[in-house]
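Okay, so here's the structure we're looking at.
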Amino acid sequence: MAKAKAKEKYPTYKVTESDKLFKRACDVIPSGVYGHLGPGEGQFIPVNRWPKFSEKAKGSYFWDVDGNRYIDYMCAYGPNVLGYGDPDVDAAAIKQIELGNCTTSPGKIMVECAELLVDTVASADWAWFAKNGNDATQGAILTARNYTHKKKIIFFKGFYHGVSPMVQKIDYPGVLPEDVANSLYVAWDDIEGLKKVIAENDDIACLIAQPYDHGNFYDNKFPKEGFWQEVRKLCTENNIVLIIDDVRAGFRLDLAGSDHFFGFEADMICFCKALANGYNMSAFCGKEFLKSAASGLSYTGSYWMSAVPFAACIACINKMKALDAPKLFKELGTELTEGLKAAAANNGFNLITSGAPALFYLRIANDDNMMLHQDWIAECVNRGVFFASHHNHFINASLTHEDIKTTIEIAEEAFHVVKKLHPELG
C-alpha cells in the first residue's frame, strides 16, 4: 500500500485571480505592472507562483486579490516602516485632509515638517521636499553643480540613485552617451581608486553614495573602518560636495541619518522611503553653505508641497522616535535572520544574511547560479511569506515575534520542499 503524503502545514497558494487581472493590465498598461513592482523587474520566478495585485494591507501583512495573506518583508519596497495603515500616521493625514492638501500657497505644516527634519537629522540645516527618491537625489546633484560650478559626478560601482538619465548607466534603454558623459566610477571601499579619480579630474561637483553597499544580486556589506572619514576628508580638500543617498536606509539605522550612524557628516542627505509611512514624499537636506545654491534651482513639481504627506511625516518621525525604531528594527531583524539561517542549516543549506538586520539581504550559497535561491524564495512566497529574490528586505515596527516564528516555520517547510526537488544536493 502506498504511503500517504505528509500534509504540509502551509499549503501553496493559488493566484488565479491575480493572473487574470495581470492579463487585463497588459492590455492597457505597458508590461502590465511596470518598473520594479513588475514580475520581470521584481524577479518573480516562476511568475505563476507570485501575486501581482493586492486587495488590502494592514500592519505587516497584505492580501492579494485571491484572498491570500502574506507577511510582507518588502514593505512596499521600503515605505511601510511602521506598519500598513498605522493609526497615528493616518489620523494625522486625515486631520490635514480636512484642512487642505494641494493648495495655491503651501500649508504652514510644510514649515513644521522642515523644522522637525532639521532638528532630527544631524547634518541638516534645511530641507527641500519632493515626491520620489529620484527627485531628491537629482535635486541634490543639481544643488552641488550650482554651488561648485563643476559638472562631474563620482559613483561607487553597483550604485542605484534613481532613474534620471544622469544617474543611470549607458546600457539602459533611452540613456544616451552624453547623459552619462560626466559620470566617474570607483569600486566600493577603494580609497586609493577614489584618490586616483580625484587626481585625474579637476571638474568634480559631487560624490553620491549609499551609506553602505546595499545593492542587488550580491551580498551587502558595510564600509571598512575609517572609510567614510577618509572620503569626507578627500571631498572637503577638493571642494567636492558629499551626498549620501539615504532613500533606502534612512531612519532604519539611525534617526539622525545613516551618515551619523557611520560617524561622519554629509553635505547633503536624501530621504524618501521611511519618511511618511507610505504617504508620497521625499526630501533632500543640506548644510547651510549650500542653502543659497538650492534656492537658485529651477526645480519643482505640481504636488511637491501638498500638505497631507507633511502631516504624515511629522507623525511618522515622532512615532519612530518614541519607539526607538532603529533599535527595534535591529532586534527584530536579528531574531529573524538568525532563525532563517538555522532553518536553512537544518536542511543542509547555507543561507547567507548580509547588510543591516533592519534591511537584510538573503542568499543561498549552495550554488552559484541563483536558481536554488529563487526556488526557495518562490516556495516561501507561495506559502505566505513575501520575500524578493535579489533585493534587500525591510523590517517594520508592526512585525511581531509571532510573525517571525511563522516566517521561520514557512521558510523551513520551503527549504524541505526545495531539498526534495534537488536530490543532486545530496
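The values are calculated or read from the model by the stated rules, or taken from the named source; none is laboratory data. This is a predicted model, so every value here is computed, not measured. For neighbour counting, all protein chains shown are included, and Cβ atoms are generated from backbone atoms with ideal geometry for every residue, glycine included. Each accessible area value is taken on the protein alone, full model and side chains, heavy atoms only, with ligands, DNA and RNA left out. Shrake-Rupley method; radii C 1.70, N 1.55, O 1.52, S 1.80 Å.
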Simple label model, 7 Å out from Cα along Cβ direction - ASP202 to THR103, nm:
5.3 nm
What is the distance, in nm, between label points placed 7 Å from the Cα along the Cα-to-Cβ direction at ASN369 and at GLU402?
4.3 nm
How large, in Å, is the stretch 282-322 by the Kirkwood hydrodynamic radius built from its alpha-carbon pairs?
12.4 Å
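Of LYS195/LYS330; LYS221/LYS327; LYS287/LYS330; LYS291/LYS321; LYS152/LYS287; LYS273/LYS327, which ones are farther than 25 Å apart at the Cα?
Values: LYS195/LYS330 34 Å; LYS221/LYS327 19 Å; LYS287/LYS330 29 Å; LYS291/LYS321 27 Å; LYS152/LYS287 20 Å; LYS273/LYS327 18 Å.
Listed pairs above 25 Å: LYS195/LYS330; LYS287/LYS330; LYS291/LYS321.
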When the chain is modelled as a GNM with alpha-carbon springs shorter than 10 Å, which of ASN146, ASN369, ASN396 fluctuates the most?
ASN369
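Per residue, what accessible area does the chain have, given a 1.4 Å probe and all protein chains present, in Å²?
Numbers: 19010 Å² over 426 residues.
Each residue of the chain exposes 45 Å² on average to a 1.4 Å probe.
Once R0 is set to 51 Å, what does the formula 1/(1 + (r/R0)^6) return for the Cβ-Cβ distance between CYS26 and GLU237, expressed as a FRET efficiency to the nearest 0.05? Don't skip to the answer; put the middle values down first.
Working: r = 53 Å, r/R0 = 1.05.
Efficiency for this residue pair is about 0.45.
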Given backbone amide H placed at 1.01 Å from N, residues whose amide H is under 5 Å from that of PHE155, ignoring those fewer than 5 places away on the same chain, are LEU184, TYR185, VAL186
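Using a ≥ b ≥ c from the Cα gyration tensor of the stretch 47-199 (square roots of the eigenvalues), is it rounded, prolate or oblate, where a/c under 1.5 gives rounded and otherwise the larger of a/b and b/c decides, a/b for prolate? Kindly include the intermediate steps, with their values, before the conclusion.
Working: a/c = 2.25, a/b = 1.36, b/c = 1.65.
Here the stretch 47-199 falls in the oblate category.
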TYR303 to GLU424: extension gain in nm, 0.36 nm per residue of separation minus the Cα-Cα distance?
38.0 nm
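In debye to the nearest 20, how big a dipole does the stretch 303-408 give about its Cα centre with +1 on each Lys and Arg Cβ and -1 on each Asp and Glu Cβ?
Details: 8 positive and 10 negative charges, 78 e Å.
Result for the stretch 303-408 is approximately 380 debye, rounded to the nearest 20.
Using 0.36 nm per residue, how much length does the chain from TRP63 to LYS9 gain when fully extended, once their Cα-Cα distance is taken away? Let's see the in-between values first.
Numbers: separation 54, 0.36 × 54 = 19.44 nm, distance 1.93 nm.
So the extension gain works out to 17.5 nm.
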Calculated from the structure, semi-axes √(5λ) of the Cα gyration tensor in Å equals which of (1) 37, 26, 21; (2) 33, 27, 21; (3) 42, 27, 20?
(1)
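Taking the Cβ-Cβ separation of ASP88 and LYS195 as r and a Förster radius of 35 Å, what is the calculated FRET efficiency to the nearest 0.05? Kindly include the intermediate steps, with their values, before the conclusion.
On the way: r = 48 Å, r/R0 = 1.36.
The computed FRET efficiency comes out at 0.15.
Of all beta bridges DSSP finds with both residues in the chain, what is the antiparallel percent, to the nearest 5? Intermediate results must be reported in sequence, preceding the final value.
Details: 22 of 39 bridges.
Around 55 percent antiparallel, to the nearest 5.
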Can you list the residues of the stretch 215-255 with backbone N under 14 Å from a point 7 Å past the Cα of PHE289, pointing along Cα to Cβ?
232-243
Select from the stretch 273-358 those trypsin sites (Lys or Arg not before Pro) which occupy a DSSP coil region and have at most 10 other Cβ atoms within 10 Å, ordered by residue number.
none
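Could you work out the helix-only [θ] at 222 nm for the chain, with each DSSP H run of four or more residues adding -39,500 (n - 2.57) and the total divided by the number of residues, to the nearest 500 deg cm²/dmol? Don't jump to the answer; show the numbers that get you there.
Details: 12 runs with 155 residues, N = 426.
Rounded to the nearest 500, the figure is -11500 deg cm²/dmol.
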Extended-chain gain in nm, criterion 0.36 nm per residue less alpha-carbon gap, ALA187 and GLU331
48.7 nm
Ranked from the most accessible area to the least, with a 1.4 Å probe and all protein chains present, what is the order of GLU55, GLU413?
GLU55, GLU413
